[in-house]
């Protein structure tokens with residue numbers, strides 16, 4: 001696989017995907033955060049674990065990023081992804097290339113099941129809902145404030 005030049009890489013796509021992963025695994029109580037067990041689950045689900053990046057190393061990365069101020073916020077999550085990339089791909093010629101490689105090979109295919117829940121519905125279904133769109137949007141925005149705030153940035 002040929003890796004794109006770091007400057008040309010679409011960091012917005014990477015940011016949106018990593019945020020989707022974070023929100024999917026996060027506990028929303030008191031703001032979206034991730035505890036150590038969920039961070040381990042991300043590594044397992046992404047099939048990241050091997051001889052180089054072990055479960056123990058993932059735990060150490062979590063603790064080094066969070067310290068005593070657990071649980072993990074989104075900013076700390078991004079820092080932990082960088083550390084996992086460096087651990088997983090130490091032979092890359094730059095930190096950016098390690099990050100791109102871990103994203104391309106392990107995270108870019110993440111498909112949030114909540115985003116594809118309606119893929120099987122035909123256009124007639126959406127036509128029936130059209131008159132209620134603004135009311136449904138208000139309900140959605142009330143219950144999913146954090147998700148809406150991310151996409152309005």
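Considering 140, 106, the condition of being assigned to a helix (DSSP H, G or I) and modelled with pLDDT of 90 or more is satisfied by 106 alone.
If you scan the range 57-72, which residues turn out to be in a loop (DSSP other than H, G, I, E, B) and in contact with a strand residue (DSSP E or B) (Cβ under 6 Å, 6 or more places away or on another chain)? The answer is 71, and nothing else.
Regarding residue 71, is this residue at pLDDT below 90, touching a helix residue (DSSP H, G or I) at 6+ places or on another chain (Cβ under 9 Å) and exposed (fewer than 11 other Cβ atoms within 10 Å of the Cβ)?
Numbers: at pLDDT below 90: yes; touching a helix residue (DSSP H, G or I) at 6+ places or on another chain (Cβ under 9 Å): yes; exposed (fewer than 11 other Cβ atoms within 10 Å of the Cβ): no.
It is false that residue 71 is at pLDDT below 90, touching a helix residue (DSSP H, G or I) at 6+ places or on another chain (Cβ under 9 Å) and exposed (fewer than 11 other Cβ atoms within 10 Å of the Cβ).
Which members of the range 31-40 meet the condition of being part of a helix (DSSP H, G or I) and touching a helix residue (DSSP H, G or I) at 6+ places or on another chain (Cβ under 7 Å)? Listed by number, the residues that qualify are 36, 38, 39, 40. In the set (1) more than 22 Å from residue 101 (Cβ to Cβ); (2) loosely packed, with under 13 Cβ neighbours inside 10 Å; (3) free of Cβ contacts under 8 Å to residues at least 24 places away in the same chain, residue 27 fails one condition alone, (3). Pairs linking a residue in the range 88-110 that is assigned by TED's automatic domain parsing to the domain that holds residue 10 and loosely packed, with under 15 Cβ neighbours inside 10 Å to a residue that is part of a helix (DSSP H, G or I) and modelled with pLDDT of 90 or more, with Cβ atoms under 8 Å and 6 or more positions apart or on different chains, are 90/98; 95/82; 95/85; 95/86.
Among the residues of the range 41-56, the ones that are buried (at least 18 other Cβ atoms within 10 Å of the Cβ) and assigned to a helix (DSSP H, G or I) come to 2 in all.
The values are calculated or read from the model by the stated rules, or taken from the named source; none is laboratory data. Model, not experiment: these values are computed from the prediction. Using ideal geometry, Cβ is built from the backbone for each residue, glycine included, and neighbour counts are taken over all protein chains shown.
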